[in-house]
Structures are given as C-alpha cells and as structure tokens.
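Read the structure below first, then the notes.
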Amino acid sequence: MLTKFRTLASLYRQAGFRWSAFRLAYTFRLRTGLIRLQMPQYKWEDRPLETWLKKDIPSTPESYAQWRKNNSPKFFFDKAIYPNNITWDKQTVIDEAEKILSGEIKYFAHQFHKIGFPPHWHSAPGGLSKITNIHWSQISDDNHVAARRSWFSLAPPARAGVPKQSPHNRGLLRREEQEPSSQRHTDIKFTWEPNRFSFVYTLVRAYAASQDEKYAEAFWISILDWSEHNHPNTGSNWMDGQEISLRLIAWTFGFYAFLSSPSTTPERVAQFTTFVAAQAQRIYQNIDYAISTQSNHTISEACGLWLVGILFPELNDSEKYLSLGRKLLEEEAVKQIFPDGSYSMYSLNYHRFILQIYFYAMRLGELNNSPLSESVKRVVTKSIDHLYQLIDPQTGQMPVYGSNDGALVLSLNNCDFTDYRPLLQLGSYMTKGKKIFESGVWDEDLYWLYGSQSLNIEVDIPKQTNQSFSNGGAYILRNTNSKAVIRCTDYQSRPSHADQLHVDLWIQGHNIACDAGTYLYSGEGVWRNGLAHTNVHNTVTVDNKDQMTMVSRFTWTDWSKGRVLQNNEKLWQGEHDSYKPIAHKRTVLALEGDRWVVIDNLLAKESHHYALHWLLSDYEYGMQELAPANGLWLKPPTTDSKLSDSKILIHMGLVNGNGNFSIVRADPDSTRGWRSRYYGHKEPAISVMLKANQPQVTFWTFFGYEDDRLEFELQSLKINSTTIDLNLL
C-alpha cells in the first residue's frame with residue numbers, strides 16, 4: 001500500500017492537478033458507461049450522407065459527386081502519374097502492390113504477413129481475434145483478446161459492394177482462404193496496423209507507375225469492406241483517435257489519387273464522405289483524451305480534424321474541425337518541439353512521426369490559402385536541423401533511442417524504414433527551399449507533395465559538427481570518421497526509456513555500440529516493453545535496478561536528473577542521480593584516429609552490484625584477451641574503408657577490484673543480446689557486460705583497432721602513445 005501511495009504521489013507531482021483530475025473523470029465515464037451514451041454505436045445507414053452535409057449541399061450520389069468535382073479543395077497533385085527520369089524504381093512499387101493484391105500486407109513498414117485482401121480487420125497475423133461487436137470504450141488496448149474464435153469463423157461471406165466476378169478483383173486473395181501463422185500476437189498494434197491503410201500509398205504509387213485500374217478498384221474494395229465490418233463506435237478500430245486520423249490521412253490520399261478513375265463512382269464518393277464524417281466526429285468527441293496524453297496523439301488527432309475541415313468544407317462541422325485542428329497543431333508544435341529542435345517524447349521515431357504529420361498539414365494549408373503560422377515553420381525548421389546532425393548521410397541511419405513503434409505516416413518511397421533521408425529531404429525543401437541530399441530514391445516524397453519541379457532544385461549540404469541538444473538530452477561528439485551520441489537529460493516531460501548516459505558509437509558509418517530499440521509494447525513476459533529498461537542500454541546499472549520506476553508500459557516515476565559537467569571538442573562528461581546517494585559520472589573521450597575511451601565512476605559507502613553493459617551490432621566477432629582487461633573484436637561487413645582490413649577492438653576493465661566479464665548473443669530466456677530496429681521484429685546483438693561488487697568502482701572501455709597497443713598501469717591507461725589518468729576523470 002505504501003509503495004502504491006508513493007507511486008500515485010510521484011505521478012501527481014509530475015503530471016499535475018489538471019491531468020490527474022481529467023484522468024479520474026475519464027475513468028469514471030468509462031466505468032459507468034457514460035461515454036457510451038455520449039458516443040453511441042450505430043449503423044452506417046442510420047446516418048446517411050444528408051445528415052452530415054450543410055443544407056445547401058446536394059446529397060444524392062450523382063449530384064453530390066458533381067458538386068465535389070466542381071468545388072473540390074486543392075490537394076498535392078492533380079493526377080497520380082510519375083514523370084519521366086525519376087530516380088526511383090517503378091517496378092519495386094509495382095511488385096509490392098502485387099503482393100498486397102495477393103494478400104500480403106507490410107506491417108510496421110518492414111515485414112510482410114499473408115493475411116488476405118482485404119485484410120481481416122479484427123485479427124492479428126496468427127493471433128487471436130478481437131472483439132468486434134461491442135462499444136470501443138469497453139475494450140482494453142493492453143493485450144485485449146476476445147473469445148478464441150478461429151480465423152475462418154469471422155470471415156465475411158462476400159465483399160462489400162464488389163461483384164464476385166468484377167474484372168478488377170480477379171486474383172485478389174480471399175482472406176477466408178488464408179492459413180493462420182504459427183506465431184500468435186496479442187499486441188493490439190498488430191490488429192491496428194492494416195487498419196491504418198498504409199498499403200494505400202503503395203496502391204497509389206503503383207497506379208502512378210502503371211495507370212492500371214486494378215489498383216484503384218483495390219482501394220475501393222478495401223474501403224467498402226472496412227466499412228461493412230467496422231460500424232461507428234463499434235470494435236477495436238474505433239478505440240483510438242490517432243488510429244482513425246492515420247486512416248483518414250491515407251484514405252484521403254487515395255481518394256484524390258483515384259478521383260478520375262472509373263472505379264470512383266458517384267455512389268462510392270457519397271459513401272466515402274459519410275465514412276469520413278463519422279470518423280471525424282469520433283475524433284472530435286474524444287479529443288480531450290488525446291490532449292491529456294501530452295503526446296503525439298494530440299498532434300495526429302488535430303491533423304485528422306484539420307484534414308477533414310479543409311478537404312470537406314461541405315460537412316456541417318467542418319469549420320469547427322478546421323478551427324480546433326489549427327489551434328491544436330499550432331499550440332502543440334511549440335509545446336512538444338523543444339527550442340533546440342528535439343522532441344519532448346524523447347524518441348527519434350516519434351519525432352519523424354509528428355514531422356510527417358506537420359508536413360502534410362502545412363502543405364495542405366499552403367495549397368488552400370490557409371497556411372499554418374510561422375511559429376510552426378520555425379520549430380519544424382529547428383527539427384530538421386537537429387535531425388540532420390544525428391543522421392549518417394551515407395545510409396540515412398539514426399540512433400534508435402526512445403520508443404519505436406514502427407509508425408511511418410507517409411509511406412511514399414522505396415527506402416528502408418530506418419532511412420531518414422526522405423524525411424529530411426522533404427523537410428529541407430519545405431522550410432528552406434533547398435534539398436539537403438543529392439538526388440536519389442529519397443526524393444519521391446518531395447515529388448508527391450510538391451510535384452516534379454521540386455526534383456531538380458538546388459542542393460545545399462550543411463556541415464555536421466559537435467552538437468549539444470540540452471533540451472532533448474542528446475550530445476554529439478565527433479572524431480575523424482566516427483561519432484558518439486550521448487543521452488543525458490533533466491526530463492521536462494514523460495521519459496520514454498530509462499537510458500541516462502547511454503552512448504551510441506558509430507565508426508566508419510557502422511553503428512558499433514547501438515541502442516536496443518523497442519520490439520513490442522505488449523509482448524508476453526520480459527517482452528512487455530522490455531527494451532525500455534536500463535539493463536539493455538549502454539550504461540551502468542546498480543543492484544539490477546532501473547534508473548527510474550516503471551509503473552506501466554509507458555509510465556515512469558521518480559524521474560532521474562542528468563547533468564553535463566564538461567563538453568568540449570574531444571571530451572564530454574556528465575552524471576545523473578538515478579541511484580542516489582550513489583553518484584554515476586561518465587566521461588567520453590575522442591582519441592586520435594577514431595579511437596574512443598569511456599570511463600564510468602560510481603561512488604558509494606557500502607558495497608553494491610555494478611554492471612557495465614555494451615550492446616554491439618551483430619557482426620562477426622571473437623574473444624580478445626588482454627590482462628587485466630576483457631574484450632572482443634568485431635569485423636563489420638565492408639569493402640571500401642579501413643575496416644575491410646582491420647577489426648574493431650572493444651576492451652573493458654576495472655581500475656581496482658575484480659570483475660566478472662561475459663558475452664551473450666540472443667539469450668532465449670531474457671532481453672539480453674537482442675535489438676529491434678523495426679516494431680515486432682527482433683534480431684540478435686552482442687551483449688558484453690562487466691560486473692563488480694564493491695563500494696566504488698571505475699570502469700573503462702576502449703574502442704579501437706586490432707593493431708592498437710594497450711597498457712594498464714595501476715590507475716592509468718596507455719593507448720599507443722597516449723596516457724590517460726583515470727583518477728582525473
């Protein structure tokens with residue numbers, strides 16, 4: 001009871017009275033069923049198109065479709081067709097579209113699952129079917145599972161609104177013919193993923209490459225089928241306003257792309273507007289909950305309202321949606337993006353997520369003479385500058401720090417999910433009128449939002465330098481062809497991971513020491529957001545404890561405070577108070593020739609269990625003995641740099657006392673030795689750990705090359721001709 005009281009008190013201190021009062025009231029509405037009265041379930045036919053339109057707008061399908069044609073707001077493009085001389089491969093997107101039509105849907109912008117087309121909207125691949133007939137407020141998003149029905153029993157008898165022998169749906173794989181995978185998912189994100197309709201972007205791109213009408217027909221098949229199996233306010237796909245907003249963003253993109261297609265009949269246009277109106281109303285009625293999260297949910301749901309308000313002015317509530325959407329988008333940009341351009345959710349993937357939303361909203365505003373404010377443009381510009389300093393320009397890779405749920409708002413290119421160049425190329429053009437990279441496959445986003453004239457614009461490549469992003473807690477220390485990215489912050493908003501003093505190390509473009517990522521929010525056992533914990537990060541844990549207290553999958557209390565002590569061209573030093581009264585101070589040194597030393601000092605009066613951990617990319621490796629240190633060598637795969645002829649050495653040691661050194665790769669019984677670059681997908685990594693039990697400890701770690709000479713003399717470390725006095729650090 002005392003522990004629970006302390007947790008609640010910590011939450012109250014960090015969240016404040018207004019948040020706490022709202023959450024209590026919201027819980028009351030959920031448990032009493034009041035929210036079901038405020039947002040009742042109904043069928044689509046209960047509220048036909050005319051109930052959503054303003055009085056002077058015609059509502060019969062033919063007349064309404066004609067009105068839309070004559071009065072349609074502007075979109076990014078007039079027609080979906082690729083120009084000549086593009087820098088990306090058309091066949092790649094056509095091949096992916098064919099996979100979709102054959103029943104394979106890409107999850108989290110990475111892995112295909114064979115689930116049929118249209119997908120089963122209430123099941124995860126190989127998972128348990130979700131509840132489909134009750135009010136969304138009665139379903140939990142935490143491992144929510146309905147009765148154990150089979151994949152087959154929930155399959156519909158026919159396609160909504162599509163003749164069985166339609167020339168456009170021949171070859172579409174019926175989902176009731178699919179065999180479930182042996183892997184079972186209970187994480188609701190696997191159910192939600194196809195309901196975001198990210199596959200629409202692929203259908204549009206394949207249409208632009210081929211002008212094949214089957215892609216337009218597939219779009220309409222999926223929309224109509226979804227509506228038949230997802231009546232308003234019913235089932236898991238109405239639970240989350242953010243999911244609805246992402247669906248509307250994808251739907252409207254497809255709607256405008258296929259507007260001139262024969263598949264886009266007046267009846268379908270009328271139905272589409274009804275579907276849009278109902279979902280916009282659901283967002284609006286529960287927007288207060290999104291605001292209370294103080295997160296990207298507020299931004300995404302605000303964009304959903306803004307989008308409907310600006311593109312569907314004929315709806316009764318369009319002005320209300322437009323006004324509130326604008327207000328929230330402008331307020332949250334300044335609240336959630338820190339002055340140094342970093343993001344308040346302490347997650348690089350969520351940073352990309354909200355920037356893509358802002359790009360979408362900003363461009364639509366420009367096209368329809370309703371631009372967002374200059375304050376939005378300023379913070380977005382800051383964000384682009386911030387992320388450019390973190391990116392590896394040759395690969396587009398970023399550190400994977402913070403929560404990474406696989407979200408990718410605009411799937412408009414052939415780049416890998418981990419490649420941030422499409423984001424920064426588009427963002428640089430939007431904010432500065434120049435490209436930040438030479439032409440490549442990452443240009444396609446630019447084409448879709450700005451047209452072919454943007455592809456040949458001037459290139460202005462900024463310089464990457466040492467950086468201190470103190471608001472977001474990221475520090476970059478550079479060497480000749482390497483860099484260290486260090487995490488240290490005094491949290492101003494909810495932490496994402498317990499990762500104070502974590503270091504990502506990149507050498508010759510290889511992410512040698514890496515972040516573990518996320519994998520699953522709602523996995524079983526240790527995989528319940530298990531990679532958010534301190535022990536998988538590149539830092540020191542004390543007594544096997546986290547740096548903060550995790551009270552739920554996404555909530556930490558007792559926020560730690562990080563502080564920078566020194567920061568210059570070759571040295572960074574900081575500390576945090578997570579294990580008080582034990583002090584942890586870390587020093588990162590950049591030595592000549594892309595060599596690095598990291599020194600950790602921890603002081604206490606009594607003996608404690610200290611564990612220094614490094615997670616390394618899964619390259620070829622072997623043990624390397626150098627008494628009294630412990631270590632290994634890594635050989636990254638490469639053919640064009642020094643690393644092709646040399647191994648990277650990692651040595652770890654203690655200034656005094658004895659340590660226990662271990663190497664683990666892909667431990668089947670724990671989170672040790674794993675990393676996740678894509679949501680729902682984990683891969684082996686090399687975990688090295690040095691443990692000690694004593695009152696105070698000084699660890700040192702060296703990253704260098706196989707021909708380096710190391711000598712340890714009591715309290716100093718000599719590397720080649722450089723001597724480091726460990727006591728002074």
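Quick look at the numbers
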read-out: Flag if Gly673 is at positive phi, at pLDDT 95 or above and of a type outside the set (Ser, Thr, Tyr); value: yes
read-out: Ile337 being under 25 Å from Asn404 (Cβ atoms), buried (at least 24 other Cβ atoms within 10 Å of the Cβ) and either assigned by TED's automatic domain parsing to the domain that holds Lys377 or touching a residue at least 12 places away in the same chain (Cβ under 8 Å) (or both); value: yes
read-out: Filtered residue count, the range 17-33, keeping only those that are loosely packed, with under 10 Cβ neighbours inside 10 Å and either among the charged types (D, E, K, R) or under 28 Å from the mean Cα position of the chain (by Cα) (or both); value: 1
read-out: Every pair of residues 6+ apart whose Cβ atoms lie under 6 Å, when the first sits in the range 49-74 and is under 22 Å from Arg363 (Cα atoms) while the second is modelled with pLDDT of 95 or more and in a loop (DSSP other than H, G, I, E, B); value: Pro73/Asn368; Lys74/Asn368
read-out: Number of the condition not met by Ser468 [criteria: (1) outside any loop (DSSP other than H, G, I, E, B); (2) closer than 29 Å to Ala692 by Cα]; value: (2)
read-out: Top-ranked residue of the range 182-238 - restricted to ones that are modelled with pLDDT under 95 and basic (Lys, Arg), ranked as nearest to Ile100 (Cα to Cα); value: Lys189
read-out: Failed criterion for Thr671 (all others in (1) touching a residue at least 60 places away in the same chain (Cβ under 8 Å); (2) assigned to a strand (DSSP E or B); (3) not aromatic (Phe, Trp, Tyr) hold); value: (2)
read-out: Qualifying residue in the range 496-512 (condition: in a strand (DSSP E or B), among the acidic types (Asp, Glu) and under 19 Å from the mean Cα position of the chain (by Cα)); value: yes
read-out: Candidate set from the range 76-109 (those that are without any contact (Cβ under 8 Å) to a residue 60 or more places away in the chain and not in a helix (DSSP H, G or I)); member that is surrounded by the fewest Cβ atoms within 10 Å (Cβ to Cβ); value: Asn84
read-out: Qualifying residue in the range 611-618 (condition: modelled with pLDDT of 95 or more, within 26 Å of Lys682 (Cβ to Cβ) and not in a strand (DSSP E or B)); value: yes
read-out: Residue count, the range 539-583 (criterion: charged (D, E, K, R) and free of Cβ contacts under 8 Å to residues at least 12 places away in the same chain); value: 1
read-out: Test result for Arg247, in a helix (DSSP H, G or I), modelled with pLDDT of 95 or more and closer than 25 Å to Leu329 by Cα; value: yes
read-out: Members of the range 45-69 that are surrounded by fewer than 16 Cβ atoms within 10 Å (Cβ to Cβ), in a helix (DSSP H, G or I), modelled with pLDDT of 95 or more and not hydroxyl-bearing (Ser, Thr, Tyr); value: Glu45, Asp46, Glu50, Glu62, Gln66
read-out: Matching option when the condition is touching a residue at least 12 places away in the same chain (Cβ under 8 Å), of a type outside the set (Val, Ile, Thr), touching a Phe, Trp or Tyr at 6+ places or on another chain (Cβ under 9 Å) and more than 22 Å from Trp572 (Cα to Cα), among Tyr491, Tyr521; value: Tyr521
read-out: Single residue of Glu243, Glu213 found to be charged (D, E, K, R) and more than 22 Å from Met362 (Cα to Cα); value: Glu213
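So that you can scan it fast, the table gives a plain yes or no per residue for (1) surrounded by fewer than 16 Cβ atoms within 10 Å (Cβ to Cβ); (2) among the hydroxyl-bearing types (Ser, Thr, Tyr):
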| residue | (1), (2) |
| --- | --- |
| Ser662 | yes, yes |
| Trp674 | no, no |
| Arg677 | no, no |
| Pro684 | yes, no |
| Met689 | no, no |
| Thr698 | no, yes |
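The values are calculated or read from the model by the stated rules, or taken from the named source; none is laboratory data. These numbers come from a predicted model, not from an experiment. Here the Cβ is made from the backbone with ideal geometry for all residues, glycine too, and neighbour counts use every protein chain on show.
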